[in-house]
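Engineer: Below is the structure I would like to discuss, written out as structure tokens.
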Amino acid sequence: MLLNSDKIHAVFLQAFILSFGVCLKQEKWNDLIPKYEHNRSKRSTELLVLTIDTIRLVANSLSCARTKSISIVLNVSSPYFTQQLLGNLKKSTFFPLLYDASNKGNTKVFPICVQFLSSTGVKIGIVDLIDAVDEPTIEIFANARQLFMDNGLDIYGLTALGVDNTNVNIGNNHSVYSLFKDELPNVLKGNCYSHILPNSVKYAHNELLIDGEKVLISLCYHYLRSAKRVDELKQYYGFYEQDFKVILKHTKLRWLSLYLSIERLVEVFALVKIYFLE
């Protein structure tokens, strides 16, 4: 249930009181007063401290454990910010839809996001988080279609789908994209940013004199299965009085590790080079 603005302000006021109650409970007067004297008169600061002191007993009795925190997020923050997002979205004429499956333990969820142009620039946010056991094409399309109806969004404002590169999402036959295209002939197919960037780097490697990805993989496996080699490398670090840093593992399937692996290799390149030359 969405709370009104007064109740939302009351929640944040309680958090404000709680934070000051903790400060007063710990008797950090010397830290508190100078902080609030900045750009304030001394008298106003003294009155502020006295006002807080009058509600000290109430503030100390307040608490916000896990259950209350979850309740505030689910019943206050989430509905409020979602409505704010939808309000701004409805003022925009066109927008793309972005989603992907995510596994959390034995639960599969589909965060559905929108991206649109507002008066302050490009905005992106989560509209809904759908809990689904499976991910068949019909079910994904039906959930996305229902999202438009439940939130009063104009489906004809949909310009593109930003999804993962799978047959279920963007296949030529009976995919989520093809079902949307049957209803919206001008909808565009947008690929995942996280796949576009690594693929660009992968093809750019073909223009280099050295295959950096192959070097990273070979270097990692050189040390991975030999404790003796790792110990020898540690001795080089100790000789040059530097802290030992592990060479990060990279595989072609896990492309998210490519940048971190390259960055770490650049950091330790001098010592690793000496190790192999000597």
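The values are calculated or read from the model by the stated rules, or taken from the named source; none is laboratory data. Computed from a prediction, not measured in an experiment: that's the story for all the values here. Here Cβ is always computed from backbone atoms with ideal geometry, including for glycine, and neighbour counts include all displayed protein chains.
Engineer: In segment 146-160, what residues are under 20 Å from ASN186 (Cα atoms) and not in a helix (DSSP H, G or I)?
Structural biologist: Selection gives LEU153, ASP154, LEU158, THR159, ALA160.
Engineer: Now, a different point. Sort out for me the helices (runs of 4 or more DSSP H) sitting completely within segment 170-250 that have 3 or more residues that are assigned by TED's automatic domain parsing to the domain that holds ARG264 and not acidic (Asp, Glu).
Structural biologist: 193-205, 212-224, 227-239
Engineer: Could you check segment 33-144 for strands (runs of 3 or more DSSP E) lying wholly inside it with 3 or more residues that are surrounded by 11 or more Cβ atoms within 10 Å (Cβ to Cβ), at pLDDT 85 or above and not basic (Lys, Arg)?
Structural biologist: Fully inside segment 33-144 and qualifying: 95-99, 107-118, 121-131.
Engineer: Keeping to segment 162-198, report how many residues are among the charged types (D, E, K, R) and surrounded by 13 or more Cβ atoms within 10 Å (Cβ to Cβ).
Structural biologist: 3
Engineer: Any chance you could count how many residues in segment 199-242 are under 31 Å from the mean Cα position of the chain (by Cα) and surrounded by fewer than 11 Cβ atoms within 10 Å (Cβ to Cβ)?
Structural biologist: The total comes to 3.
Engineer: Within segment 148-161, identify whether any single residue is free of Cβ contacts under 8 Å to residues at least 12 places away in the same chain, surrounded by 14 or more Cβ atoms within 10 Å (Cβ to Cβ), assigned by TED's automatic domain parsing to the domain that holds TYR177 and over 24 Å from HIS195 (Cβ atoms), and answer yes or no.
Structural biologist: So far as segment 148-161 goes, yes, one or more of its residues are free of Cβ contacts under 8 Å to residues at least 12 places away in the same chain, surrounded by 14 or more Cβ atoms within 10 Å (Cβ to Cβ), assigned by TED's automatic domain parsing to the domain that holds TYR177 and over 24 Å from HIS195 (Cβ atoms).
Engineer: Here is a further query. If the Cβ limit is 8 Å and pairs must be 6+ apart or interchain, which residue in segment 218-246 that is of a type in the set (Asp, Glu) pairs with which residue that is surrounded by 13 or more Cβ atoms within 10 Å (Cβ to Cβ)?
Structural biologist: Correct list of pairs: GLU232/TYR275; ASP243/TYR237.
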